[in-house]
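S.K.: Have a look at the structure that comes next, please.
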Amino acid sequence: VTCALPQLPVGNATVSVSNNGVEYGVPGAVFEVLPEFDLTLSPSAGPDTGGTLVKILGAPAGAKPVVTFGGTFPSVVEASEGYLYFKTPSLGFGDTIVSVKFPELPAVAMDFQMFPTPEVVDVQPSVVTAGETA
């Protein structure tokens with residue numbers, strides 16, 4: 001049986017079915033209604049060598065998500081009510097998908113841009129006198 005849910009308050013809701021005045025149900029059958037949430041990722045870009053501290057903000061209170069970064073599990077630095085910090089792994093440059101999966105909910109996918117690590121190849125001028133600006 002598939003049905004549309006009415007607007008429900010946050011919390012537990014009981015499940016029952018009625019057909020022509022006959023009630024059907026499973027005692028204790030409940031599901032949880034979570035508050036709406038909107039995840040943000042900050043920053044949304046970092047070097048391909050990894051190590052960028054990234055914050056995911058907006059998780060439902062008490063939720064314990066599983067995060068994958070380009071298919072790998074990043075190092076979680078801190079998790080608290082409503083947010084999670086992790087460090088990016090070392091991957092090749094380009095677009096990477098950050099997937100956040102909460103138990104019993106569909107995964108949320110966000111984009112993260114890995115850029116090539118800048119490299120200093122030369123400094124000009126290489127010599128200046130004290131007090132001189134280059």
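S.K.: Can you confirm whether region 88-109 contains a residue that is part of a strand (DSSP E or B), surrounded by 10 or more Cβ atoms within 10 Å (Cβ to Cβ), among the hydroxyl-bearing types (Ser, Thr, Tyr) and touching a residue at least 24 places away in the same chain (Cβ under 8 Å)?
M.R.: Within region 88-109, one or more residues are part of a strand (DSSP E or B), surrounded by 10 or more Cβ atoms within 10 Å (Cβ to Cβ), among the hydroxyl-bearing types (Ser, Thr, Tyr) and touching a residue at least 24 places away in the same chain (Cβ under 8 Å).
S.K.: Can Ser90 be described as under 16 Å from Ala45 (Cβ atoms), at pLDDT 85 or above and small (Gly, Ala, Ser)?
M.R.: It is true that Ser90 is under 16 Å from Ala45 (Cβ atoms), at pLDDT 85 or above and small (Gly, Ala, Ser).
S.K.: Let me ask something else. So which strands (runs of 3 or more DSSP E) are wholly in region 11-81 and hold at least 2 residues that are within 12 Å of the chain's Cα centre (by Cα) and in contact (Cβ under 8 Å) with a residue 12 or more places away in the chain?
M.R.: 40-42, 53-57, 66-69
Each row is one residue, and each column tells you yes or no for (1) among the aromatic types (Phe, Trp, Tyr); (2) modelled with pLDDT of 90 or more; (3) at positive phi.
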residue	(1), (2), (3)
Thr96	no, yes, no
Phe102	yes, no, no
Pro106	no, no, no
Met110	no, yes, no
Pro116	no, yes, no
Val120	no, no, no
Thr129	no, no, no
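The values are calculated or read from the model by the stated rules, or taken from the named source; none is laboratory data. Keep in mind the model is a prediction, meaning the values are calculated, not measured. For neighbour counting, all protein chains shown are included, and Cβ atoms are generated from backbone atoms with ideal geometry for every residue, glycine included.
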